[in-house]
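The values are calculated or read from the model by the stated rules, or taken from the named source; none is laboratory data. Bear in mind the structure is a predicted one, so any value in this text is a computation, not a measurement. Cβ: placed from backbone, ideal geometry, glycine included. Neighbour counts: every protein chain shown.
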Amino acid sequence: MSISFDPTPSFAQCLLGPTDEHHELDEYQTGVPRWCNGCGDNGILSAMQRLCRDYDLSPERTVFVSGIGCSSRLPHYMKTYGFHGLHGRALPIAEGIKMSRPDLPVFVSTGDGDCLSIGAGHWMHAIRYNMDMTVLLHDNSIYGLTKKQVSPTSPIGTKSNTTPKGSYLEAFNPLQTALGIEGVSFIAQMVDWVPEMLYDILQAAYRHRGFSFVRIIQRCPEFMPGFFDPYMNDPERIQLLTHPNGLTPSGNMSKVYRNQLVHDPSNLDRAREIASSADPIPVGILYQNPDVPRLEVIRGAGRVRTPETVQQGLDSELDKFTIWPDTEPALVEA
Amino acid sequence: MSELLTNGAATAARDNVLDLEPLTGDRVKKRVTVVDEQIVEIVSDSGEGAQRCGQALAALAARSGRGIWTVEIIPAEIQPPARSIAGGSGNRVRMGSHPITNGGDEADLAVAFNEQVLLGREREGELKPGCRILLESMWRTDRNPAISSQYLQTYDELVAKGYNVIEVPMEAECRKLVSDPRRGKNMFVLGILCNIYTLDLVLAREQVALTFGKKDQRVIDTNIRLLEAGWSWAEANVDFQFEIPTMRLTEPQVVFNGNIAIALGVLASGMEICAMYPITPATSASHYLSEIFEKTGGIVHQAEDEIAAATFAIGASYAGKCAVTITSGPGYSLKQEALGLAVMAEIPLVVVNVQRGGPSTGQPTKPEQGDLMTSIFGSHGDAPKVVIAASTIEDCFYSVITARKIAETFNCVVVVLSDGSLATAQQPFPRPTFSEDWLAPPIDQSPVPTGTGAYDWDGTTGLMRRFIPGQPGGMHTLTGLAHDRASKVAYDPASNEAGLRNRSLKMAALQKTLRCPDVHGDPDGDLLVVGWGSTRGAIEEAVDGLRADGKRVSSLHLRFLNPMPSGIGDIMKRFKKVISVESNWSDSLDDELIDEENRRYSALAMLLRAKYLVDIDCWTEVRSRPIKPGVVRAALSAALEKLS
């Protein structure tokens, strides 16, 4: 199974060019992840390391940004540059990095609390800005690091330390919201327990030029044990969105996941309908539009900043405000 | 904004001027008085152009060799009700035969487009006894009896109080030239003021052309005719004139307000990214920067909120380009957590806080110096930051350049404090000459030797070499968690302590490079006044006045508030008493409940008391306006009396 690319194999592509790099998996690995056994974050990390290797991303030219929470530990386990920031603020930090250095690939790991609650305002605007970055929403429907509080994506009735009788509100659907924002360019959804398809979606997200938002439904065995078991045990409750321009499942995958829907990712209206489903869980690329303008391109075009341009800019401004000594005071005759 | 105060573009403007012939016409017999300085206020309803008139007058005065300082009179609302006491909008212009450092005390002459806005100024105590008032007279015969009686009542009240009220048929005179006099009165008034203050009409015509430079020629011509009509009206009807002697300029000067100075400082510092969110009174700096920055490769990013502005700037700085975020008090509060992150992760960052009245929404358009403590101690935990305060318009410019250099050298947060009174005040200062030294040197991006930690703190200075993304061998994950020298999350006591120690040591390393400011006045005496920020001009004028009366008073103005330079303690010891003068809250011992135990001191007084164990007194005022030199002088006189 693969995402449909446009590979035109030739012998030239078999050779490293003078500036090409080759990297092994261990060049991206560092430390021992401190996530719980069975935590979905482990699989996301492995997929990201694999992606970096397969695309030969230079570790020193790659930046992983995160907020606060279990998910946001991810940069610590990548041997690249990383920025483990503030709760909810991963996106504006990543935007600053991208605006400053549009040449660097930027990845963001954020959780459901981080992205959809405390950082929700930034998230909406980040979608509008459409800056080129790959954003992984590790959505386990619970606050993990602070020990089990209800999150925006917890289903109604979720018992947590702040909702001992069960939560009161219907779960927030981030896909529907994201697909309603002007400027949206890439929205996908995947589950953490199918590594093959997760990897394919992350590849597509990475290859998309713009703000690629991937909601990864992620298990939390500690605080939501068994919560996704019904979906894991019954593949019919996972719906594959397939399309030549989207996910093209392999034969093996198609044998397991027979609930399939052909969906053209360019169809925004259809994407919104599909996004409204929580059961079955639609997985694949819901929406992709490669032509949405990117803020860092709009703002960064043709920028040149040298001491000379600074001096010229300053002097021409100061000229407007200058009183020169040769402007002789000439008093009107009284 | 750039059209306000310029003669650099005067040559071009001159070509747009109708004719340069002197005006002829009736002339009333005049009494000409030579004066050292004058304070003029021009007030109107919002949108009637009094501000533009004041700015043009100030420009003319500056261009013809007078010292000036302007104070904007701004209502809090965009369109307050017409003819209301609180709705006055305009400008105060203080002009002198010497450099002017503040807005001064009460006005010598006021021009008002209606009697209500004038009444607002009068009730605020902004008019000198006997002040000359040029008052639009159209309201006297207004068809609405409520308005005409309001006018008559106010007129009588003003005359009874001894003001010299001169009624001017502004509307009627302007109607002779334009169909909508409401849009032309301001230039008519400028013409009157040119006549009264014997300002060069040729320069004035140029100034009008500059003021309306972006409009078409007909607009310029019409306004020049209005200017000339005002001049001629005064020539025929006003029986007094003032002459303020001129200074001879020896070097080029620039004239603009504090927010323009900050924007130009950002440009000149070589910073490339400014992330901001709209907030009064800081925003006009970003407006102007937006206009000029892109031409030199810079970007102003209007973020979705204050927190995003701060974190966007932090991201940009982290990636190698020291960034700035510009805000005011409420925005500063929102940024506090992000500033703590920048401190913890040692990311250079410049934060400009143009202070306003607080707390909460407070007084958005009014100046106050209320944010010193939050700037120094804000954010949770121990988050040492550098805090500097601009005390003049010139300072606003250079402080940003200095801030960027410090931020990059010490990998720290530098807060630049300005306030609402500097933001909109204009004052000439020597034209800056660009130096490449202003720009920070490029970051060393050579490969990082194996085994070098991201936080290899120097044991003496706490400084370390910063690695930025793209730099080979420097990969690390920066974190707001406590971390060790390799930037690894570290919960052990020793690592936590080491981080705190090194971040604190950097402040000491910077402090060792600071020079103690000079004392204004004698190095010893009875009373030392300490201050910071925009109050400098008023304090020094008050001190000079008292010294001229033989009083042994000096003052010390601090630019670096954190860390403070060495030597301040020694200076304070040479005076019998030290008092701080600030525009923030302090309790008064005159209040029944207040005693030495519970008195809340002003910010600087509290800092200096804690630091130097000196019994420093304070005098403060929070009256929503720049502190006046006369008021400071009175307070200092009272303090001196208590000494003897």
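Please go through region B:535-558 and pick out each residue that is buried (at least 21 other Cβ atoms within 10 Å of the Cβ) and of a type in the set (Lys, Arg).
Passing the criteria: only B:Arg536.
Among the residues of region B:49-78 satisfying the criterion of being away from chain A (no Cβ under 12 Å) and out of contact with any strand residue (DSSP E or B) (no Cβ under 7 Å at 6 or more places or on another chain), which is nearest to B:Ala236 (Cα to Cα)?
The residue in question is B:Ala56.
Is it the case that region B:89-100 has a residue that's surrounded by 17 or more Cβ atoms within 10 Å (Cβ to Cβ), under 21 Å from the mean Cα position of the chain (by Cα), outside any strand (DSSP E or B) and modelled with pLDDT under 95?
No.
Count, please, the residues in region B:311-327 that happen to be in contact (Cβ under 8 Å) with a residue 12 or more places away in the chain and either over 25 Å from B:Val343 (Cβ atoms) or touching a Pro at 6+ places or on another chain (Cβ under 8 Å) (or both).
7
Quick check on region A:50-71: of everything there that is of a type in the set (S, T, N, Q) and under 21 Å from B:Ile307 (Cβ atoms), which residue is farthest from the other protein chains (Cβ to nearest Cβ)?
By that ranking, first place goes to A:Ser71.
Considering each of B:Ala425, B:Ala498, B:Ala494 in turn, give the residue that is at pLDDT 95 or above, under 27 Å from B:Trp532 (Cβ atoms) and more than 13 Å from chain A (Cβ to nearest Cβ).
When all the criteria are applied, what remains is B:Ala425.
Within region B:197-299, which helices (runs of 4 or more DSSP H) (wholly inside it) include 2 or more residues that are in contact with a strand residue (DSSP E or B) (Cβ under 7 Å, 6 or more places away or on another chain)?
B:258-269, B:283-292
Tell me, which residue of region B:302-322 that is more than 7 Å from chain A (Cβ to nearest Cβ) and of a type outside the set (Ser, Thr, Tyr) is surrounded by the most Cβ atoms within 10 Å (Cβ to Cβ)?
B:Ala310
I'd like the residue in region B:582-626 that is in contact (Cβ under 8 Å) with a residue 24 or more places away in the chain and of a type in the set (S, T, N, Q) and, out of all such residues, is farthest from B:Leu643 (Cα to Cα).
B:Ser624
Working only within region B:501-534, note down all residues that are of a type in the set (Lys, Arg) and surrounded by 15 or more Cβ atoms within 10 Å (Cβ to Cβ).
Residues satisfying the conditions are B:Arg503, B:Lys506.
Which pairs have Cβ atoms under 8 Å, sit 6 or more apart or on different chains, and link a residue in region A:72-90 that is on the phi > 0 side of the Ramachandran plot and more than 7 Å from chain B (Cβ to nearest Cβ) to one that is surrounded by fewer than 24 Cβ atoms within 10 Å (Cβ to Cβ) and among the polar types (S, T, N, Q)?
Filtered contacts from region A:72-90: A:Gly88/A:Ser117.
Given the criterion more than 30 Å from B:Ile100 (Cβ to Cβ), out of contact with any Cys (no Cβ under 7 Å at 6 or more places or on another chain) and not assigned by TED's automatic domain parsing to the domain that holds B:Val414, identify the matching residue among B:Ser583, B:Ser588, B:Ser566, B:Ser555.
B:Ser588 is the lone residue from the list that is more than 30 Å from B:Ile100 (Cβ to Cβ), out of contact with any Cys (no Cβ under 7 Å at 6 or more places or on another chain) and not assigned by TED's automatic domain parsing to the domain that holds B:Val414.
Restricted to region B:442-491, and to residues that are of a type in the set (Lys, Arg) and either outside any loop (DSSP other than H, G, I, E, B) or closer than 16 Å to B:Asn411 by Cα (or both), which residue is nearest to the other protein chains (Cβ to nearest Cβ)?
B:Arg466
Restricted to region A:83-125, and to residues that are of a type in the set (Gly, Ala, Ser) and in contact with a Phe, Trp or Tyr (Cβ under 6 Å, 6 or more places away or on another chain), which residue is nearest to B:Leu481 (Cα to Cα)?
A:Gly113
Taking the condition touching a helix residue (DSSP H, G or I) at 6+ places or on another chain (Cβ under 9 Å) and surrounded by fewer than 21 Cβ atoms within 10 Å (Cβ to Cβ), does B:His483 pass?
When the stated conditions are applied, B:His483 does not pass them.
Restricting to region B:422-442, name every residue that is out of contact with any Asp or Glu (no Cβ under 6 Å at 6 or more places or on another chain) and buried (at least 16 other Cβ atoms within 10 Å of the Cβ).
B:Leu422, B:Ala423, B:Ala425, B:Gln426, B:Gln427, B:Pro428, B:Arg431, B:Pro432, B:Phe434, B:Trp438, B:Leu439
Quick check: is even one residue across region B:395-406 aromatic (Phe, Trp, Tyr), more than 11 Å from chain A (Cβ to nearest Cβ) and surrounded by fewer than 23 Cβ atoms within 10 Å (Cβ to Cβ)?
Scanning region B:395-406 turns up at least one residue that is aromatic (Phe, Trp, Tyr), more than 11 Å from chain A (Cβ to nearest Cβ) and surrounded by fewer than 23 Cβ atoms within 10 Å (Cβ to Cβ).
Give the residues of region B:25-48 that are away from every other protein chain (no Cβ under 14 Å) and in contact with a Phe, Trp or Tyr (Cβ under 9 Å, 6 or more places away or on another chain), sorted by residue number.
B:Gln38, B:Val40, B:Ile42, B:Val43, B:Ser44, B:Asp45, B:Glu48
How many residues does region A:209-227 contain that are crowded, with 23+ Cβ neighbours inside 10 Å and under 20 Å from A:Pro293 (Cβ atoms)?
Final tally of qualifying residues: 4.
Can you confirm whether region A:98-117 contains a residue that is at the interface with chain B (Cβ under 7 Å from one of its Cβ atoms), out of contact with any strand residue (DSSP E or B) (no Cβ under 7 Å at 6 or more places or on another chain) and under 19 Å from A:Phe213 (Cβ atoms)?
No, that holds for no residue.
Select from region A:279-310 the residues that are of a type in the set (S, T, N, Q) and surrounded by fewer than 19 Cβ atoms within 10 Å (Cβ to Cβ) and write down the one among them that is nearest to the other protein chains (Cβ to nearest Cβ).
Applying the filter and picking the extreme gives A:Thr309.
When the residues of region B:278-298 are filtered to those that are crowded, with 24+ Cβ neighbours inside 10 Å and in contact with a helix residue (DSSP H, G or I) (Cβ under 6 Å, 6 or more places away or on another chain), which remaining residue is farthest from the other protein chains (Cβ to nearest Cβ)?
Among residues in region B:278-298 that are crowded, with 24+ Cβ neighbours inside 10 Å and in contact with a helix residue (DSSP H, G or I) (Cβ under 6 Å, 6 or more places away or on another chain), the one farthest from the other protein chains (Cβ to nearest Cβ) is B:Pro281.
In the list A:Leu268, A:Leu261, A:Leu318, A:Leu241, which residue meets the criterion of being within 14 Å of chain B (Cβ to nearest Cβ) and either among the aliphatic types (A, V, I, L, M) or farther than 30 Å from B:Leu203 by Cβ (or both)?
A:Leu318
Report every pair of residues separated by at least 6 positions or lying on different chains whose Cβ atoms are under 7 Å apart, first residue within region B:452-481 and closer than 12 Å to A:Val63 by Cβ, second surrounded by fewer than 20 Cβ atoms within 10 Å (Cβ to Cβ) and of a type in the set (A, V, I, L, M, F, W, C).
B:Ile468/B:Ile443; B:His476/B:Ala486
Among the residues of region A:192-204 satisfying the criterion of being among the aliphatic types (A, V, I, L, M) and in contact with a helix residue (DSSP H, G or I) (Cβ under 7 Å, 6 or more places away or on another chain), which is nearest to A:Ala178 (Cα to Cα)?
A:Leu202
Can you confirm whether B:Pro145 is within 15 Å of B:Val40 (Cα to Cα), surrounded by fewer than 13 Cβ atoms within 10 Å (Cβ to Cβ) and free of Cβ contacts under 8 Å to residues at least 40 places away in the same chain?
The answer is no for B:Pro145.
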